[in-house]
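Throughout, read-outs are computed from the coordinates displayed, never taken from laboratory work. All values reported here derive from a predicted model rather than from experimental measurement. Neighbour counts are summed over all protein chains in view; Cβ atoms, including those assigned to glycine, are modelled from backbone coordinates with ideal geometry.
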Amino acid sequence: MFLQYLDDGQRRALVIFAYYIMAADHDLAPEEKAIIAALEHELTLPEDIHPAEMLVEPLFSQFTDRRSRMAVMLKLNAVAHADRMIHPAEKALLDDYAGRIGLSRKDVAALDKWGRRHTELVEQARKLIEE
């Protein structure tokens, strides 16, 4: 969802940012691992991300338009909310990222609300599938 707005470089950056969000609270929740595995599968990157790439934070300047900025932040909010509790370290990182790409407080609030709702809908869908 929304990944069509990202080029290959932006997709690689998204995966790295998602790992940073997941690791921010030093607790790798199963739900977070699952959403990142699904993200990696969905992205179909032409080659795997080398571990050394994870050590260098990608540049936000590569997200040149609102669509790509919002697409990356929607996915990162989904990762942060995946375990149904957003840790202060995750929130701080999301706020930092949002500020660095120029999102307003209104955008940040809407993204946070969407992340919570997304997680609720994913859980509801999972229950429907498992019935």
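With the convex hull of the Cα atoms taken as the outline of the chain, the averaged projected area works out to 7.9 nm².
Just subtract the alpha-carbon distance of Ile16 and Ala37 from 0.36 nm times their residue separation and send over the number in nm, one decimal.
6.3 nm
Note on the chain: with a GNM built from Cα contacts shorter than 10 Å, the maximum mean-square fluctuation among Leu74, Leu43, Leu55 falls on Leu55.
When the Gaussian network model of the chain links Cα atoms closer than 10 Å, the mean-square fluctuations of Asp95, Asp83, Asp112 top out at Asp95.
Would you check the chain for Lys pairs whose C-alpha atoms are within less than 16 Å, ignoring same-chain pairs closer than 8 in sequence, and give me the count?
Taking the chain as the scope, the lysine pair count is 5.
When only alpha carbons are used to place a centre, region 35-68 and region 13-34 end up 12 Å from one another. Grab the beta carbon distance between Glu130 and Leu3, set R0 = 30 Å, and tell me the FRET efficiency rounded to 0.05. For Glu130 and Leu3, the calculated efficiency is 0.70. Per-peptide packing, taken as the mean over residues of other Cβ atoms within 10 Å, places 31-42, 14-25 in the sequence 14-25, 31-42 from highest down. Sorted fewest first by neighbouring Cβ atoms within 10 angstrom, Thr44, Thr119, Thr64 come out as Thr44, Thr64, Thr119.
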